[in-house]
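Asker: Below is one structure. I have some questions about it.
The values are calculated or read from the model by the stated rules, or taken from the named source; none is laboratory data. Computed from a predicted model, the values in this text were never measured in an experiment. Quick reminder, even Gly has a Cβ in these numbers, built from the backbone with ideal geometry, and neighbours come from all protein chains shown.
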Ligand SMILES: NC(=O)c1ccc[n+]([C@@H]2O[C@H](COP(=O)([O-])OP(=O)(O)OC[C@H]3O[C@@H](n4cnc5c(N)ncnc54)[C@H](OP(=O)(O)O)[C@@H]3O)[C@@H](O)[C@H]2O)c1
């Protein structure tokens, strides 16, 4: 990382008393401080609705960091950081509070020499994005000299194409595209950044990375937990908006993209967006053969029992919100013609895991195993919680018999790195400070993701689902297995 840039700035966190700030943002900032990556003039202006002093907020921040940081709490580092945290209580909707905010930020600029540079981080519910940006425009942001003002928008970016377009139109009134950071924290994960390196820095992957040699690709992201206390949000989102529109389609674009002609931000994003533009539309006509949706029902075993989604807190007892999605997706271009990308994501699955499985075509059974098929080569990119690369190939079993068995090479990145594997938010916050938006979604990526997802949601609206249709703690509805079985394939659980 380039450490020569002047990173002086104030990070203004809207929603500083919320879950995201406590679990992710504050620990990430502490970790940056721990690694000496923050400048002397880095200030946090924490904004929440609750009434409290900066001193009480610092105590709260201390506890959050102690619980969630990957580095131990060290007094010297904390002392250095804590006196640069300020708290301001305000309601996002009150105009006069923004006038006060600007005055506080101005005093901070003067006191701490932050050069007037600011990052406005929207760690708030999506309905608050627009009013805050609007009021920042009216009362806070003044384009002055060489100062920069950047905005970070948490996901979800809109709830459909129309609302995303509207939100974007509001943002561009205030911030230039280069100063707009639409965060998808998956993009900050180490193995996601590694996908391009694996593909484009290895002679034995890139030449095979096409429909001639690849049979199919599976992208799975499962969570063990249910909806927890986020029922209010999830009811309006569902797995499609929460996971597919952002994380899953970002993975598809990284796996499917052409090599960029440069590693600069725009070259990479240009290639990613081409993939999203080339996704075959799923509409009313082909919805049945390409999609499965599910919702978990209650389940009980000797070991544990789970509530069904409809029994969860702040969820309607007749909810039709999907907690599981499986899709068969095609990228309509020369490289990927005819190669299905099977995507699945769900809550209350048997384990938490995100991985990409590249299944290579089977070799013709001419020499070996004429009567029994050889196992296909598999390349597995593990994103979380394990990070690494797993490769399965065929080898002779030691012994006198000519027996061929699949064997595995397993590179575990976080076994090697241990707790030192950086958190996604660390990398992303640091990138915003440096003005590098490569790991953030550009507007057209968001736009084309919504175009694809909106068609499916529209087609689903015309048909009432038969929910619940899978038991909590299982791998999803049986229709998801049928989706692949019809193509003579099945989901691979490594
Ligand atoms: N939590 C996560 O792990 C996670 C992960 C990915 C994305 N996100 C996204 O991050 C955003 C924040 O999520 P969260 O889980 O942190 O939400 P949260 O725990 O509900 O926190 C919301 C924050 O907004 C503040 N707030 C709400 N209405 C306000 C108002 N009218 N005026 C002033 N402050 C107000 C709350 O302040 P008070 O508490 O003081 O009332 C609180 O600080 C959401 O867009 C979410 O989708 C969250």
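Asker: Six or more apart or on different chains, Cβ atoms under 7 Å: show the pairs whose first residue is in the range 57-82 and closer than 22 Å to residue 15 by Cβ and whose second is in a loop (DSSP other than H, G, I, E, B).
Answerer: From residues that are closer than 22 Å to residue 15 by Cβ, the pairs are 65/73; 66/73.
Asker: So, one more: So, in the range 203-230, exactly how many residues are modelled with pLDDT under 95 and in a helix (DSSP H, G or I)?
Answerer: 2
Asker: Continuing with this model, one more query. Taking the conditions exactly as written (more than 13 Å from residue 45 (Cβ to Cβ), exposed (fewer than 15 other Cβ atoms within 10 Å of the Cβ) and near the ligand (Cβ under 10 Å from one of its atoms)), does residue 156 satisfy them or not?
Answerer: It is false that residue 156 is more than 13 Å from residue 45 (Cβ to Cβ), exposed (fewer than 15 other Cβ atoms within 10 Å of the Cβ) and near the ligand (Cβ under 10 Å from one of its atoms).
Asker: On to the next question. May I ask you to say which residue of 51, 113, 31 is away from the ligand (no atom under 16 Å from the Cβ), surrounded by fewer than 18 Cβ atoms within 10 Å (Cβ to Cβ) and farther than 20 Å from residue 151 by Cα? Talk me through it step by step, then tell me what you get.
Answerer: Values: 51 fails: away from the ligand (no atom under 16 Å from the Cβ); 31 fails: surrounded by fewer than 18 Cβ atoms within 10 Å (Cβ to Cβ).
Of 51, 113, 31, the one residue that is away from the ligand (no atom under 16 Å from the Cβ), surrounded by fewer than 18 Cβ atoms within 10 Å (Cβ to Cβ) and farther than 20 Å from residue 151 by Cα is 113.
Asker: Moving on. Report yes if residue 98 is touching a residue at least 40 places away in the same chain (Cβ under 8 Å), within 30 Å of residue 230 (Cα to Cα), within 16 Å of the ligand (Cβ to nearest atom) and not in a helix (DSSP H, G or I), otherwise no.
Answerer: no
Asker: With respect to the numbered conditions (1) farther than 20 Å from residue 479 by Cβ; (2) surrounded by fewer than 17 Cβ atoms within 10 Å (Cβ to Cβ); (3) at pLDDT 95 or above, which one is the sole condition not fulfilled by residue 302?
Answerer: (3)
Asker: Only one residue in 308, 256 is modelled with pLDDT of 95 or more, more than 23 Å from the chain's Cα centre (by Cα) and surrounded by 21 or more Cβ atoms within 10 Å (Cβ to Cβ), so which one is that?
Answerer: On the way: 256 fails: more than 23 Å from the chain's Cα centre (by Cα).
Going through 308, 256 in turn, the sole match is 308.
Asker: Given the residues 479, 447, which is the only one that is assigned to a helix (DSSP H, G or I) and in contact with a strand residue (DSSP E or B) (Cβ under 6 Å, 6 or more places away or on another chain)?
Answerer: On inspection, the qualifying residue turns out to be 479.
Asker: Hey, any hits in the range 58-71 for a residue that's over 29 Å from the mean Cα position of the chain (by Cα), more than 11 Å from the ligand (Cβ to nearest atom), in a helix (DSSP H, G or I) and more than 25 Å from residue 136 (Cα to Cα)?
Answerer: Yes: one or more hits.
Asker: Turning to a different aspect of this structure: Please go through the range 1-24 and pick out each residue that is near the ligand (Cβ under 9 Å from one of its atoms), within 23 Å of residue 70 (Cα to Cα) and not in a loop (DSSP other than H, G, I, E, B).
Answerer: Within the range 1-24, 13, 19, 20, 21, 22, 23, 24 qualify.
Asker: Considering 169, 138, which residue is exposed (fewer than 15 other Cβ atoms within 10 Å of the Cβ), on the phi < 0 side of the Ramachandran plot, at pLDDT below 95 and away from the ligand (no atom under 11 Å from the Cβ)?
Answerer: 138
Asker: For the range 289-299, state whether one or more residues are surrounded by fewer than 17 Cβ atoms within 10 Å (Cβ to Cβ) and part of a loop (DSSP other than H, G, I, E, B).
Answerer: Yes, the range 289-299 contains at least one residue that is surrounded by fewer than 17 Cβ atoms within 10 Å (Cβ to Cβ) and part of a loop (DSSP other than H, G, I, E, B).
Asker: Would a scan of the range 189-204 turn up a residue that is more than 23 Å from the chain's Cα centre (by Cα), more than 16 Å from the ligand (Cβ to nearest atom) and in contact (Cβ under 8 Å) with a residue 40 or more places away in the chain?
Answerer: no
Asker: Further question: Look at residue 88 and say whether it is outside the structural domain of residue 431 (by TED's automatic domain parsing), modelled with pLDDT under 95 and not in a helix (DSSP H, G or I).
Answerer: Against the criterion (outside the structural domain of residue 431 (by TED's automatic domain parsing), modelled with pLDDT under 95 and not in a helix (DSSP H, G or I)), residue 88 does not qualify.
Asker: Being loosely packed, with under 15 Cβ neighbours inside 10 Å and within 26 Å of residue 485 (Cβ to Cβ) is true for just one of 396, 352. Which residue is that?
Answerer: 352
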